[in-house]
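The values are calculated or read from the model by the stated rules, or taken from the named source; none is laboratory data. Source: prediction; values computed, not measured. Positions of Cβ are backbone-derived with ideal geometry, glycine not excepted, and every protein chain shown enters the neighbour counts. Quick note on the areas: whole protein, heavy atoms, side chains included, nothing else; ligands and nucleic acids left out. Shrake-Rupley method; radii C 1.70, N 1.55, O 1.52, S 1.80 Å.
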Amino acid sequence: ITAGAGGDPAFRVWDIATQKRVGTLNGHTGPIASVSLARDQIRAVSASFDQTIRIWNLESREVLTTLSGHSAEVHSVQITPDGRFAVSGSSDTTVKIWDLDAGTCVGTLEGHQGTVYSVAVSPDGAWIASTGFQDETVRLWDWKSGTCLQVIEHKDNPSTASVAFSPDGTRLVVSTFNGPI
């Protein structure tokens, strides 16, 4: 899957074996910032500057549900390893948890003081990591209880931009950005 850039509200699905595009999915009204694919490779989610997340069926190329609840651009979205939930980060300073089957928000994590640019879900699905660019923090959450387990401050250093867990869940990798955005 590749996401459109430069104001493109569509994303494209590519077959790696044939190196050909097999579909373009349209539906968002703003640029797509992030996409995530479920392990079943049938469902995908996309996050957009139109303040929504869309759940897609990649086989039929149709929108299954539009998730609304963020009050600003959505920058990042990840599907949990079990494929049941998605986690999103937004300019509204929140991280939201979505039940993909019900199409509802089941939790909101608050604590960042600015845009949440990146979210990641641990391989066991127990933790969420989120980056706050303006507040220069990475937060580690137990998403089921809604508890912030740790705040990693990055004050007076390049701001945190992106976050990922290692495949075995023992490491958290954070990229930084030092410049105007």
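Each row is one residue, and each column tells you yes or no for (1) more than 19 Å from Ser118 (Cα to Cα); (2) surrounded by fewer than 19 Cβ atoms within 10 Å (Cβ to Cβ).
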position	(1), (2)
Arg12	yes, yes
His28	yes, no
Ile42	yes, yes
Trp56	yes, no
Ser60	yes, yes
Val63	yes, yes
Thr80	no, no
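Just to be sure before I move on: is Gly89 free of Cβ contacts under 8 Å to residues at least 60 places away in the same chain, open to solvent by less than 40 Å² (accessible area, probe 1.4 Å) and within 13 Å of the chain's Cα centre (by Cα) in the structure I sent?
yes
Do we find that Thr24 is in a strand (DSSP E or B), of a type in the set (S, T, N, Q) and loosely packed, with under 13 Cβ neighbours inside 10 Å in this structure?
Working: in a strand (DSSP E or B): yes; of a type in the set (S, T, N, Q): yes; loosely packed, with under 13 Cβ neighbours inside 10 Å: yes.
Against the criterion (in a strand (DSSP E or B), of a type in the set (S, T, N, Q) and loosely packed, with under 13 Cβ neighbours inside 10 Å), Thr24 qualifies.
For the subset of region 4-63 comprising residues that are of a type in the set (Gly, Ala, Ser) and closer than 20 Å to Asp101 by Cβ, which member is farthest from the chain's Cα centre (by Cα)?
This residue is Ser60.
Sort out which residues of region 33-63 are in contact (Cβ under 8 Å) with a residue 24 or more places away in the chain, more than 26 Å from Asp124 (Cβ to Cβ) and touching a Lys or Arg at 6+ places or on another chain (Cβ under 9 Å), and write them in order of number.
Ser48, Val63
Phe177 is checked against (1) touching a Phe, Trp or Tyr at 6+ places or on another chain (Cβ under 7 Å); (2) closer than 18 Å to Ser91 by Cβ and fails just one. What number does that condition carry?
Of everything listed in (1) touching a Phe, Trp or Tyr at 6+ places or on another chain (Cβ under 7 Å); (2) closer than 18 Å to Ser91 by Cβ, Phe177 misses just condition (1).
Quick one: which residue in Val95, Val138, Val106 is free of Cβ contacts under 8 Å to residues at least 24 places away in the same chain, of a type in the set (Val, Ile, Thr) and not in a loop (DSSP other than H, G, I, E, B)?
Exactly one of Val95, Val138, Val106 is free of Cβ contacts under 8 Å to residues at least 24 places away in the same chain, of a type in the set (Val, Ile, Thr) and not in a loop (DSSP other than H, G, I, E, B), namely Val106.
When you check Val116 against the structure, is it under 18 Å from Gln51 (Cα atoms) and of a type in the set (A, V, I, L, M), yes or no?
Details: under 18 Å from Gln51 (Cα atoms): yes; of a type in the set (A, V, I, L, M): yes.
Here the answer is yes, as Val116 does meet what is asked.
Report, ordered by the first and then the second residue, all pairs with beta carbons closer than 7 Å, sequence separation of six or more or different chains, a first member in region 2-24 that is at positive phi and modelled with pLDDT of 80 or more, and a second member that is part of a strand (DSSP E or B) and of a type in the set (Phe, Trp, Tyr).
Listed by first residue and then by second, the contacts come to nothing, as the list is empty.
If you scan region 127-181, which residues turn out to be out of contact with any Asp or Glu (no Cβ under 6 Å at 6 or more places or on another chain) and among the charged types (D, E, K, R)?
Answer for region 127-181, where residues must be out of contact with any Asp or Glu (no Cβ under 6 Å at 6 or more places or on another chain) and among the charged types (D, E, K, R): Asp135, Glu136, Arg139, Asp142, Lys144, Glu153, Asp156, Asp168, Arg171.
Those residues that are open to solvent by less than 20 Å² (accessible area, probe 1.4 Å) and of a type in the set (Asp, Glu), I need them from region 102-136; list them, please.
Asp135
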